[in-house]
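A quick write-up on the structure given underneath.
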Amino acid sequence: MRAFVVVARHGSFNRAADELSRSQPAVTLSIKQLESYVGLKLFERTTRKVTPTTAGEKFIPVAERLLREFDMAIYDVTATADCRSGHVSMSVLPSVATRILPDVISEFTEKFPDISIHVSDYNAQGVQRSVERNEVDFGIGSLWHPNSKLEFRPLMEDRFALVCHKDHPLAAEGAPVTWEQLKGLSFLSTGLTQALKMQRYIGNPKFEFTTTNTLFAMLKANVGVTVLPTLAMPQEDDLMSLPMVDPVETREICVILRQDWTLSPAANAMMEVLSGHLPMLANQLDLTLQSG
């Protein structure tokens, strides 16, 4: 079809062959094959000129349109493969969104300015469900429940620590806190604390909040104390954190993928930028890198 359009433009098999970087017999054969396929003669040939037939004239704009669409489709595919265009969607924990992603996305957009990014922040359950439902390319979260259709690639691990108002008696001591010391304290519970292995020391909390914004407001009012992982620590002058010990409890954060799923080039590029930032972020945020 491309040979047909170029021959029609030049009115010459020789000039068409030069443009297409093919031999003149090869171009002639291509036209004969096209004419045989459509069952119509497309060119009138003389020793001096090649001109389209009536059927050929009608076919020229159709062939040009099809070639434009084909070339554009090939360009789009190669642009996606080269990360010159594309889209990345991910679901992440709120603490990952605020503490990990800003630097990662900043570098990514510098390297790949034409790739669009969509980020949804959910709790662990929401992150895993969004991957299960094929709503995102991948998720970054902690294990909510085992699922054989998903792959969990360990990224990092953070530790739980006590968070309280700076005027709280435990803050005055400034020492690591044991789980045993939580007994009898006014404890503020959230979704982050409900899955703790050391839940028995907390018992049935008097206060439960569904959002960290409300939790932080209550902590600032010195209503009680809570336990949070490193990444979720509030950046507030009125609050302070103390290490939890005996034992140390950790939270594993994973990349969550669908099993046997091939990531797009854009999503792969995002994963590579994330991996490159992890050592620096682990040092800054007191995280432990995981391999997997």
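The values are calculated or read from the model by the stated rules, or taken from the named source; none is laboratory data. Keep in mind that what you see is a predicted model, and the values were worked out from it rather than measured. Methodologically, a virtual Cβ is constructed for each residue, glycine included, from the backbone with ideal geometry; neighbour enumeration extends over all protein chains shown. Quick note on the areas: whole protein, heavy atoms, side chains included, nothing else; ligands and nucleic acids left out. Shrake-Rupley method; radii C 1.70, N 1.55, O 1.52, S 1.80 Å.
A straight chain from residue 78 to residue 290 at 0.36 nm per residue would run longer than the Cα-Cα distance by 72.9 nm.
Compared with the dominant principal axis of the Cα atoms in the chain, helix 101-111 is inclined by about 20°. Estimated at 0.36 nm per residue, the fully extended path between residue 134 and residue 237 surpasses their Cα-Cα distance by 33.1 nm.
Ligands, DNA and RNA excluded, the heavy atoms of residue 71 present near 60 Å² of accessible surface to a 1.4 Å solvent probe.
Rounded to the nearest 20, the size of the Cβ-charge dipole of the chain about its Cα centre is 1560 debye, with Lys and Arg at +1 and Asp and Glu at -1.
Among 74, 140, 117, the residue with the largest mean-square fluctuation in a Gaussian network model of the chain, with springs joining Cα atoms closer than 10 Å, is 74.
Please give every one of the aspartates and glutamates within straight-line cross-link reach of residue 166, meaning a C-alpha to C-alpha distance under 15 Å, and leave out same-chain neighbours fewer than 8 residues apart. Hits, sequence-local ones excluded: 236, 237, 238. Solvent exposure of the chain, expressed per residue, is 54 Å² of accessible area, with all protein chains present and a 1.4 angstrom probe. Judged by the mean number of other Cβ atoms found within 10 Å, the most tightly packed of the peptides 92-101, 275-284, 183-192, 44-53 leads the ranking 92-101, 183-192, 275-284, 44-53. Centroid-to-centroid, using Cα positions, region 243-286 and region 61-123 are 20 Å apart. Listed by chain and number, the lysines placed with their C-alpha closer than 24 angstrom to that of residue 58 are 32, 41, 49; residues fewer than eight positions away on the same chain are left out. Listed by chain and number, the lysines placed with their C-alpha closer than 16 angstrom to that of residue 183 are 197, 206; residues fewer than eight positions away on the same chain are left out. Across the alpha-carbon atoms of the chain, the computed radius of gyration and Dmax are 31.4, 104 angstrom. Across the accessible surface of region 13-132, with the other protein chains kept in place and a 1.4 Å probe, carbon and sulfur atoms take up 54 percent.
Computed on region 99-153, the Cα convex hull volume stands at 97 Å³ per residue. With equal scatterers on the alpha carbons only and no solvent term, can you work out the Debye log10 of I(q)/I(0) for region 1-45 at 0.16 1/Å? For region 1-45 at q = 0.16 Å⁻¹, log10 I(q)/I(0) is -0.34. Annotation: extensible slack from residue 260 through residue 147 equals 39.3 nm (criterion: 0.36 nm per residue apart, minus Cα-Cα distance). Across the accessible surface of region 164-208, with the other protein chains kept in place and a 1.4 Å probe, carbon and sulfur atoms take up 49 percent. I want the local charge near residue 165. Using Cβ-Cβ distances under 10 Å, sum +1 for each Lys or Arg and -1 for each Asp or Glu among the other residues. Net charge around residue 165: -1. Computed over protein heavy atoms with a 1.4 angstrom probe, the accessible surface ordering of 72, 271, 156, largest first, is 72, 271, 156.
Spin-label pair residue 197-residue 29: with each label point 7 Å from Cα along the Cα-Cβ axis, the two points sit 7.1 nm from one another.
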